[in-house]
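The values are calculated or read from the model by the stated rules, or taken from the named source; none is laboratory data. This is a predicted model, so every value here is computed, not measured. Quick reminder, even Gly has a Cβ in these numbers, built from the backbone with ideal geometry, and neighbours come from all protein chains shown. Protein only, heavy atoms only, side chains kept; ligands, DNA and RNA dropped before computing areas. Shrake-Rupley method; radii C 1.70, N 1.55, O 1.52, S 1.80 Å.
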Amino acid sequence: LTLPVTMPGPTPTPVTDAHMYLVRRTIAKDLTPDELALYVHMCGEWGCHPLSRMVFPIKYGGKMTFVSSIDYLRSRAAATGQHAGTDDATFEEGAQADGHPISAAVTVYRLINGQRCPFTATARWKEYLPASSGMWLRMPKTMLSKCAEGLALRKAFPAELAKLYVHEEMAQAERDVTPLAPTPHPQAN
């Protein structure tokens with residue numbers, strides 16, 4: 001199986017049988033064959049190689065969804081030639097005992113008809129804190145700012161980033177996840 005999937009960078013990298021075998025054993029080990037085929041297809045649509053882990057599949061409640069890295073959202077926005085910058089996150093602080101922020105807001109700018117237009121989004125701690133919150137408690141501002149930036153990037157670039165969420169945005173969904181047994185996959189030849 002060789003699909004013409006474009007990797008970020010100058011040269012397209014095809015998805016070979018060896019790549020598919022590795023994807024099945026690592027990134028997509030819980031996917032059915034149809035879900036795996038959909039994942040590889042969507043990577044091709046999004047212009048990233050499945051092994052790049054720029055976009056990867058996760059199952060929540062038995063349903064597959066795709067999550068991306070914040071770097072992938074940034075690179076997609078930049079590739080439009082209309083991304084005109086992103087402000088650092090600003091935080092609403094409160095009197096929380098554990099020191100986490102109440103919310104984070106990020107503004108992304110897009111050039112529209114030659115004008116630099118702001119798109120601001122706010123992520124609230126209570127809405128995004130996952131059940132298993134190790135990194136969230138160690139790096140609360142970093143985690144919350146990724147959520148806010150993902151929201152703002154999708155507001156500014158809705159067509160280019162539709163249905164793409166950063167992993168940190170989806171972490172709270174883990175509260176409702178039922179553990180799945182790995183799906184057996186045939187060995188590659």
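For this structure, a couple of remarks:
- Sites Glu92 and Lys163 - FRET efficiency at Förster radius 30 Å, r taken between beta-carbons, to 0.05: 0.60
- Estimated FRET transfer efficiency (Arg124, Gln82; beta-carbon r; R0 25 Å; 0.05): 0.35
- Fully extended contour minus Cα-Cα distance, from Met42 to Cys117, at 0.36 nm per residue: 24.0 nm
- Å² per residue, accessible surface of segment 10-110 at 1.4 Å: 48
- Peptide packing for 55-67, 101-113 was compared via the average number of neighbouring C-beta atoms within 10 Å per residue; ordered from the highest value, the list is 101-113, 55-67.
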